[in-house]
1. Picking from 165, 193, 94, which is most flexible by a Gaussian network model of the chain using Cα springs under 10 Å?
2. Looking at the P(r) of segment 134-174, how many percent of alpha-carbon pairs lie beyond 13 Å?
3. What spacing in nm lies between the two simple spin-label points modelled at residue 203 and residue 156, each 7 Å away from Cα in the Cβ direction?
4. Going by how many other beta carbons lie within 10 Å of each one, how would you line up 212, 109, fewest first?
5. So for 143, 163, 93, fewest C-beta neighbours within 10 Å to most, what's the order?
6. What FRET efficiency, computed as 1/(1 + (r/R0)^6) with R0 = 25 Å and r the Cβ-Cβ distance, is obtained for residue 114 and residue 60, rounded to the nearest 0.05?
7. Would you compute, from DSSP H runs of 4+ residues alone, the mean residue ellipticity of the chain at 222 nm, taking -39500 (n - 2.57) per run and dividing by the full residue count, rounded to the nearest 500?
8. Compute the normalised compactness of segment 17-65: alpha-carbon radius of gyration over 2.2 N^0.38 Å, N being the residue count.
């Protein structure tokens, strides 16, 4: 194996062993909070309960988070950033805002179908954490604006359009988790979202049924 190339002077210095351990511990706490959120109401979760779930001492968690709200914000940001950014990367070559939006909605629904714990956690925290909603909204707004600019979408109020997309997506995720999803649920929901945004039936059907990027 060839030795690694030297980093340029402007590169970020590599993390030390201590920094790596601290990041692992923090990630473990966030993952523990995620598991708890999937099982119970957000308001019922105590900070020390997160420490117990993560198998760390009560004192350790205070080195990372001071309040339950700080933990929940970290969970929300991590969930929104990880999946939304992954979707954006996969659809980076897609110029059509309507198609990008369709990809996003379908991928959230498909993820919910295979990972109910993740879906439950997202559904519980999205109504609690503003940072998570803001991160998700950033991605959706870009697609809405591009669809409106191109003439594919037709809506009067951007905020209402945003609420429509987020509410329909999370509502459909809840149907999946509760076992009420219909056949081709992701495609059907996406088609209806596109129709509500002004896309014709023929175009909405075609866009919603396009293969997802991999």
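1. Fluctuation is largest for 94.
2. Numbers: 433 of 820 pairs.
For segment 134-174, the fraction of Cα-Cα distances above 13 Å is 53 percent.
3. Spacing of the two 7 Å Cα→Cβ label points: 2.1 nm.
4. Values: 212 13, 109 23.
So the ranking, lowest neighbour count to highest, is 212, 109.
5. Numbers: 143 25, 163 12, 93 7.
Ordered from fewest to most neighbouring Cβ atoms within 10 Å, 143, 163, 93 come out as 93, 163, 143.
6. Values: r = 33 Å, r/R0 = 1.30.
After rounding, the FRET efficiency stands at 0.15.
7. On the way: 10 runs with 148 residues, N = 214.
That comes out to -22500 deg cm²/dmol.
8. Values: Rg = 10.8 Å, N = 49, 2.2 N^0.38 = 9.7 Å.
Dividing the Cα Rg of segment 17-65 by 2.2 N^0.38 Å gives 1.12.
A short reminder: the numbers here are calculations on the coordinates, not readings from a lab. Please read these numbers as outputs of a predicted model, since none were measured by experiment. Ideal geometry is used to build each Cβ from the backbone, glycine not excepted, and the neighbour counts take in all protein chains shown.
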